[in-house]
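Colleague: What follows is a single structure, and I will ask about it in a moment.
The values are calculated or read from the model by the stated rules, or taken from the named source; none is laboratory data. If you're wondering where the values come from, they're calculated on a predicted model, not measured in any experiment. Cβ placement follows ideal geometry from the backbone for every residue including glycine, while neighbour counts extend to all protein chains displayed.
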Amino acid sequence: MLFGEYDHQVDAKNRIRIPSKLKSELGSDYVFMKGAAKCISVYPASKVDELVGSFAGLSAFDAEAQESFAEFMSSFYPGDEDGQGRVVLPEKLREYAGIDKEVVTIGMVNHIDIYSKEERERLKKEKTYQERISLLKDRLK
């Protein structure tokens, strides 16, 4: 299970090291994609297959759904590590998430999310921890 919050930095070549505690659970074959929030989500390749499979019921004749699905699929990038375990954050995803230098990586049970430090701080100020827990409780009903 992926969990925890880790602060780190993007180097001059737009690379990061995924924190080792997360990396061991994530594995070596993973995919970057736009997250639902303003972040980069990173899924193990096996979970990507499940995620994409959940859209199998979309009609091939529903143009709007197909355009949305194409937008979703176009945000996928392989996680290619160099010999020292660093991985380049794809430029389009960095721009989407507003990532420059400081990042926060969060374990999200079956994937990780990478936020700019600024976005993570903004979200933390938006609602208290208690408000977030209450929201989760309400959504589970």
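Colleague: Specify which of the listed residues (50, 25, 91) is acidic (Asp, Glu), in contact with a Leu (Cβ under 6 Å, 6 or more places away or on another chain) and surrounded by fewer than 18 Cβ atoms within 10 Å (Cβ to Cβ).
Modeller: 25
Colleague: Quick one: what pairs do we get from region 44-65, first residue of a type in the set (Lys, Arg), second modelled with pLDDT of 90 or more, C-beta under 7 Å, 6+ apart or different chains?
Modeller: From region 44-65, the pairs are 47/110; 47/111.
Colleague: Quick one: residue 112 ticks every box in (1) under 19 Å from the mean Cα position of the chain (by Cα); (2) surrounded by fewer than 10 Cβ atoms within 10 Å (Cβ to Cβ); (3) not acidic (Asp, Glu) bar one, so which box is it?
Modeller: For residue 112, the exception is condition (2).
Okay, residues lined up against (1) at pLDDT 95 or above; (2) under 27 Å from residue 124 (Cβ atoms):
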residue: 6; (1), (2): yes, yes
residue: 19; (1), (2): no, yes
residue: 27; (1), (2): no, no
residue: 41; (1), (2): yes, yes
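Colleague: Let me ask something additional. Do you know which of the residues in region 1-59 that are more than 18 Å from residue 83 (Cα to Cα) and among the polar types (S, T, N, Q) is farthest from the chain's Cα centre (by Cα)?
Modeller: The selected residue is 59.
Colleague: While we're looking at this one, here's another question. If you take the residues in region 31-47 that are among the charged types (D, E, K, R) and within 23 Å of residue 117 (Cα to Cα), which one is surrounded by the most Cβ atoms within 10 Å (Cβ to Cβ)?
Modeller: 34
Colleague: Look at region 51-69 and say how many of its residues are part of a loop (DSSP other than H, G, I, E, B) and of a type in the set (A, V, I, L, M).
Modeller: Result for region 51-69: 3.
Colleague: Residue by residue through region 33-50, note down the ones that are in a strand (DSSP E or B) and in contact with a strand residue (DSSP E or B) (Cβ under 6 Å, 6 or more places away or on another chain).
Modeller: 33, 40, 41, 42, 43, 44
Colleague: If you don't mind, there's one more thing I want to ask. For residues that are among the charged types (D, E, K, R) and in contact with a Cys (Cβ under 8 Å, 6 or more places away or on another chain), scanning just region 86-122, find the one that is nearest to residue 28 (Cα to Cα).
Modeller: 113
Colleague: Among the residues of region 60-72, which ones are surrounded by fewer than 12 Cβ atoms within 10 Å (Cβ to Cβ) and either of a type in the set (A, V, I, L, M, F, W, C) or under 15 Å from the mean Cα position of the chain (by Cα) (or both)?
Modeller: 60, 61, 63, 70
Colleague: Quick one: residue 13 ticks every box in (1) among the charged types (D, E, K, R); (2) in a helix (DSSP H, G or I); (3) farther than 25 Å from residue 123 by Cα bar one, so which box is it?
Modeller: Evaluating residue 13 over (1) among the charged types (D, E, K, R); (2) in a helix (DSSP H, G or I); (3) farther than 25 Å from residue 123 by Cα leaves (2) as the failure.
Colleague: Follow-up question, since we're still on this one. So how many residues does region 122-141 have that are more than 26 Å from residue 98 (Cα to Cα) and either among the acidic types (Asp, Glu) or touching a helix residue (DSSP H, G or I) at 6+ places or on another chain (Cβ under 9 Å) (or both)?
Modeller: So the answer is 1.
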